Structures are given as structure tokens and as C-alpha cells.
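Chemist: Here you go, one structure.
The values are calculated or read from the model by the stated rules, or taken from the named source; none is laboratory data. A quick note: this is a predicted structure, and the numbers were derived from the prediction, not measured. Cβ atoms come from the backbone with ideal geometry, glycine included; neighbour counts cover every protein chain shown. Heads up: the accessible areas ignore ligands, DNA and RNA and are worked out on the full protein's heavy atoms, side chains in. Shrake-Rupley method; radii C 1.70, N 1.55, O 1.52, S 1.80 Å.
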Amino acid sequence: MTITTAPTLQRAGRLPRWAPWAILAGAFAVAFLFLGVTSEPTIASVALVGGILFVGATWAASRAVEGPRRAKDRLATSLVTGAFILAMIPLVSLVWIVLAEGASLMSWDFLTTDMTGIFGDMREGGALHAIIGTLWVTGIASLISIPLGIFTAIYLVEYGKGRLARAITILVDVMTGIPSIVAGLFAFAFFTIIVGPAYRSAFMGAIALAVLMTPVVVRSVEEMLRLVPNELREASYALGVPKWLTVVKVVLRTAIAGITTGVMIAIARVIGETAPLLMTTGIIATTNNDPFEGRMATLPVFAYRQYAQGGVGVERAWAAALTLVAIVMLLNLVARLVSRYFSPKGIS
């Protein structure tokens with residue numbers, strides 16, 4: 001009896017590990033030489049042309065050595081990596097510019113003094129009044145928007161049905177795209193009718209920011225609640241737990257990490273707004289600790305006004321921008337700690 005065996009599959013070759021790096025170096029060298037002949041090469045142009053050559057050369061080399069299947073895999077990997085690098089370039093450059101420009105005037109005195117009695121090109125003075133104003137305005141807006149957004153999202157996911165739920169969903173979608181200046185005009189018109197045209201306060205600015213912040217909270221929390229498996233709800237109902245307690249103890253606890261992230265995205269969305277605060281809180285050189293009466297400086301408006309003045313004001317504007325970035329980072333760290341503490345074990 002003759003036993004026949006299946007033909008042995010030929011294994012395709014593999015590119016050595018150093019091959020992509022060699023192709024990358026060669027692509028940049030060719031791009032530099034090509035641009036040097038045709039025009040004056042720059043870092044951006046060499047990176048763009050070199051990246052295109054690298055993707056094409058990697059695909060061609062992989063197809064010749066490894067076959068079409070691995071060539072497609074390397075092509076997809078190169079495109080995804082290139083997209084990631086392109087997305088990181090503006091982020092890294094922005095952070096670098098803010099750090100480099102803002103560090104020149106950043107000091108403890110800048111964080112603990114205001115602009116009382118500071119005129120012209122005097123290097124004294126700081127942003128304490130703007131920091132306090134930013135915390136007041138953002139804090140009040142958060143106290144309004146976060147509970148309202150969470151309760152609205154709970155209603156849409158757990159209870160909402162029919163025309164009312166559809167109307168709320170459409171309204172949230174429309175509010176998400178409202179320009180910030182429209183929110184400022186709304187708050188200005190509202191308080192002008194109720195109090196008068198001369199009224200300015202942090203509470204007025206917080207109302208404008210709450211209009212921008214609420215739909216972001218609703219949409220992000222709604223998506224997080226929809227990710228909670230229905231099996232958890234059904235298991236809670238099977239134990240006789242009422243629906244409201246299931247939402248509080250099961251649904252919200254399970255989605256707390258995503259809810260915290262969504263809330264922080266909403267805060268970061270409004271903490272740097274300038275246009276609505278120019279119309280509602282205004283600007284002042286001294287510290288105002290009354291959020292319901294009187295003009296109050298905020299970091300975005302302070303940076304805008306200082307940059308418009310020129311001179312030393314430009315350095316103060318960059319330092320204010322760095323302070324604003326530091327506040328957002330600190331709030332994100334606090335949110336991470338909160339979500340880690342309240343999340344069930346195994347969920348972070």
C-alpha cells in the first residue's frame with residue numbers, strides 16, 4: 001500500500017527586523033536629496049515625502065519577500081502608525097509651545113498676586129484673581145450641568161420612551177452644536193431681562209457655560225449607561241431590588257469610570273471658553289470673591305486681554321494658558337482617583 005502525503009507548504013520569507021528601519025532611513029535620505037534638488041527642504045516636507053516613500057517601499061519589499069498577505073498587513077500597520085503620528089504632532093507641539101512660552105513668567109508670585117496697581121510694561125502682577133474667577137465660574141457651571149446631565153441621561157436610557165424622549169434627544173443634539181457666543185448671548189439676554197443690562201457676575205458666566213456643558217454630559221453619560229450589560233439589571237431585578245436602586249447601586253457604579261471621563265471632557269470643553277465670558281463676567285484687575293455680584297476675571301479672558309495689550313502682556317498670556325492647562329491636568333488626576341475609588345473591583 002502506497003501512502004501519499006500532502007505536499008509540504010512552502011513558508012514565505014520574512015523581512016529581518018532591521019529592514020523597516022533601514023527602509024525608513026533610506027526613504028528620508030531620498031526625500032531630502034529629492035527636495036534639495038527641486039526646492040529648499042524643510043522638516044515638514046522631508047517628513048511628508050519620506051513617510052510616503054516609506055509606506056510604498058515597505059509594501060513593495062514585503063510583497064516581494066513575504067507575499068501579498070503580509071504586505072497588506074504591513075501596509076495597514078504603516079498607515080495606522082502614520083495617522084497616529086500625524087495626530088500627535090499638533091498635540092505635542094501645542095504642549096511644547098505652552099510650556100516654553102509660559103515658563104518665562106511663571107512663578108509663585110504670578111500665582112499669588114493680582115493686577116491691582118499694575119500698569120504699562122511692569123513685570124509685577126499675576127493671575128490670582130483670574131484663577132479664582134475660573135474656579136468659581138467652572139464650579140458653578142459644573143454644579144448645574146453635571147446633575148442635570150446625569151439625570152437626563154438616566155431618564156433617556158432607563159425610563160424614556162415615546163415622543164418626550166425623542167424630543168429630548170433631538171434637543172441635546174442641537175445644543176451640542178451651539179456656538180459658544182450664542183450661549184453667551186442667551187445668558188446676557190436672560191439676565192438683562194431679569195436684572196438689568198449693567199449686571200455682570202460669575203453666576204451669569206456659569207449659566208452660559210452650563211448651556212454648553214450640559215449636552216456634552218448628557219451624551220457621554222448616556223453612551224456609558226448603554227454599555228452596561230442588561231444581564232446586570234436583570235439579575236438585580238430577580239433579587240427583588242427596585243429599579244431606582246438598581247440604577248443607583250448597579251448601573252451607575254458599573255459605569256462610574258466612563259461617567260467620570262465624560263464629565264471631565266465636558267469640563268475641559270468649557271473651562272477655556274472666552275467669548276461667552278467676555279459678555280457675562282467681563283474683566284477686572286482685582287480679586288472678587290462674590291460670584292453673584294460684580295465683574296470677575298477668568299483665565300481665558302485674562303489671557304486674551306493681556307495678549308491684546310502686547311509687551312509683557314504676551315508673556316502673561318502664555319503663563320495664564322500654562323496655568324489653565326495645569327488646572328485641567330489636576331482635575332483629570334482627581335477624576336481618575338475618584339473613578340478608581342468608586343468603581344467596582346475589576347473595573348477601572
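Chemist: Apply the Karplus curve 6.51 cos²θ - 1.76 cosθ + 1.60, θ = phi - 60°, to the phi angles in the stretch 218-232 and return the couplings in whole Hz, x for Gly and Pro.
Modeler: Whole-Hz 3J(HN,Hα) from phi for the stretch 218-232: 4, 5, 5, 5, 4, 5, 5, 5, 6, 7, 5, x, 5, 4, 5.
Chemist: Between VAL328, ASN288, PHE342, whose Cα lies farthest towards the positive end of the dipole of the stretch 268-348 when Lys and Arg beta carbons carry +1 and Asp and Glu beta carbons carry -1, centred on the Cα centre?
Modeler: PHE342
Chemist: I would also like to ask the following. Tell me, what is the per residue accessible area of the chain in Å², probe radius 1.4 Å?
Modeler: Value returned for the chain: 59 Å² of accessible area per residue.
Chemist: Shifting gears a bit: In debye to the nearest 20, how big a dipole does the stretch 9-117 give about its Cα centre with +1 on each Lys and Arg Cβ and -1 on each Asp and Glu Cβ?
Modeler: 1160
Chemist: Among THR254, GLY311, ILE132, whose Cα sits farthest toward the positive end of the charge dipole of the chain (+1 at Cβ of Lys/Arg, -1 at Cβ of Asp/Glu, about the Cα centre)?
Modeler: Comparing the listed Cα positions along the dipole, THR254 ranks first.
Chemist: To the nearest 0.05, how large is the calculated FRET efficiency for TRP108 and GLN309 if R₀ is 30 Å and r is the Cβ-Cβ distance?
Modeler: 0.80
Chemist: On C-alpha positions alone, give me the angle between the axis of helix 128-154 and the longest principal axis of the chain, in degrees, nearest 10.
Modeler: 70
Chemist: Under the rule a/c < 1.5 gives rounded, and otherwise a/b versus b/c splits prolate from oblate, where does the stretch 56-174 land using the Cα gyration tensor?
Modeler: Oblate.
Chemist: Find, among the chymotrypsin sites (Phe, Trp or Tyr not before Pro) in the stretch 37-139, those assigned to loop by DSSP (not H, G, I, E, B) with at most 12 other beta-carbon atoms within 10 angstrom.
Modeler: Answer by residue number: PHE119.
Chemist: Pick from VAL247, VAL55, VAL263: which is most flexible by mean-square fluctuation in a GNM of the chain where alpha carbon atoms under 10 Å apart are linked?
Modeler: Ranking VAL247, VAL55, VAL263 by mean-square fluctuation puts VAL55 first.
Chemist: Could you list the square roots of 5 times each eigenvalue of the Cα gyration tensor of the stretch 202-304, that is, the equivalent ellipsoid semi-axes, sorted largest first and rounded to whole Å?
Modeler: 40, 13, 9
Chemist: Could you size up the charge dipole of the chain around its Cα centre, putting +1 on the beta carbon of Lys and Arg and -1 on that of Asp and Glu, and report it in debye to the nearest 20?
Modeler: Dipole of the chain, to the nearest 20 debye: 1560 debye.
Chemist: List the aspartates and glutamates whose alpha-carbon lies under 18 Å from that of LYS243, not counting same-chain residues fewer than 8 positions away?
Modeler: GLU158, GLU222, GLU231, GLU234
Chemist: Could you pull the accessible area for GLU231 with a 1.4 Å probe, rounded to 10 Å²?
Modeler: GLU231 exposes around 120 Å² with every protein chain in place.
Chemist: Also, I was wondering about something else. Which of the aspartates and glutamates could a cross-linker bridge to LYS72, judged by Cα under 15 Å and excluding same-chain residues fewer than eight apart?
Modeler: none
Chemist: Sticking with this one: For the chain, give the percent of accessible area contributed by carbon and sulfur heavy atoms, probe 1.4 Å, rounded to a whole number.
Modeler: 70
Chemist: Answer rounded, prolate or oblate for the stretch 130-188, using the Cα gyration tensor with square roots of eigenvalues a ≥ b ≥ c: rounded when a/c is under 1.5, else prolate when a/b is larger than b/c, else oblate.
Modeler: Oblate.
Chemist: Calculate how steeply helix 256-271 sits against the longest principal axis of the alpha-carbon atoms of the chain, using the helix alpha-carbon long axis, and give the answer as 0 to 90 degrees to the nearest 10.
Modeler: 60
Chemist: Pull out the extension gain between ALA167 and VAL30, defined as 0.36 nm times the separation in residues minus the alpha carbon to alpha carbon distance; nm, one decimal.
Modeler: Stretched out fully, the ALA167 to VAL30 stretch lengthens by 43.5 nm.
Chemist: How big is the stretch 29-111 on each of its three principal axes, counting only the C-alpha atoms and giving the largest first in Å?
Modeler: Reported extents, whole Å, longest axis first: 64, 33, 13.
Chemist: Something else: With the crude spin-label approximation of a point 7 Å out along Cα→Cβ, what separation in nm comes out for ALA100 versus THR42?
Modeler: 1.5
Chemist: In addition: Only helical DSSP H runs with n ≥ 4 go in: add -39500 (n - 2.57) per run for the chain, normalise by residue count and round the 222 nm mean residue ellipticity to 500 deg cm²/dmol.
Modeler: -23500 deg cm²/dmol
Chemist: Can you give me the relative contact order of the chain as a percent, contacts being Cα pairs under 8 Å and 6 or more apart?
Modeler: Computed over the chain, the figure is 20 percent.
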